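Data block below; observations after.
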Amino acid sequence: MFRKINDAVSPLLTLTVDGQAVTAEIGETVAAVLLRQPMSASRTTPVSGSPRAPFCMMGVCFDCLAIVDGASSTQSCLITVREGMRVERQYGRRSLAS
């Protein structure tokens, strides 16, 4: 559904989304990378399980929540990608570590 308008102009890096290697440009947000994936949803709602994808891209709506490097409920639109970053979609409510 989403794609980059131009070819990569900055160096590429590799991160994983649900265990799959994905390339991204330095400076992109995690949410932008998620939107380009075949399944653009970053989470499901805790009550009904309906999928949610990044929407506002500025940290207001919370539809972009994902697990980033083990931290659940991370606003992926506010996080810039890094080499080796691990991103997982968040299904239902976040789990609490004890």
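Read-outs: derived from the displayed coordinates by stated rules, not from any lab. All values derive from a computational prediction rather than experimental measurement. All Cβ positions, even for glycine, are placed from backbone atoms using ideal geometry, and neighbour counts span all protein chains on display.
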What is the ratio of the Cα radius of gyration of region 1-87 to 2.2 N^0.38 Å, where N is its residue count, to two decimals? 1.04
Quick one: net charge of Ala41's neighbours, Cβ under 15 Å, K/R +1, D/E -1? +1
Sorted by mean Cβ packing within 10 Å, highest first, what order do the peptides 57-70, 28-41, 10-23 take? 28-41, 57-70, 10-23
Could you give the length gained by full extension between Leu78 and Phe62, i.e. 0.36 nm per residue of separation minus their alpha carbon distance, to one decimal place? 4.7 nm
Relative contact order for the chain, counting Cα pairs under 8 Å that sit 6 or more residues apart, in percent: 31
For n ≥ 4 DSSP H runs only, could you compute -39500 (n - 2.57) per run for the chain, divide by its residues and tell me the 222 nm figure to the nearest 500? -1500 deg cm²/dmol
With +1 at each Lys and Arg Cβ and -1 at each Asp and Glu Cβ, the charge dipole magnitude of region 12-89 around its Cα centre, to the nearest 20 debye, comes out at 160
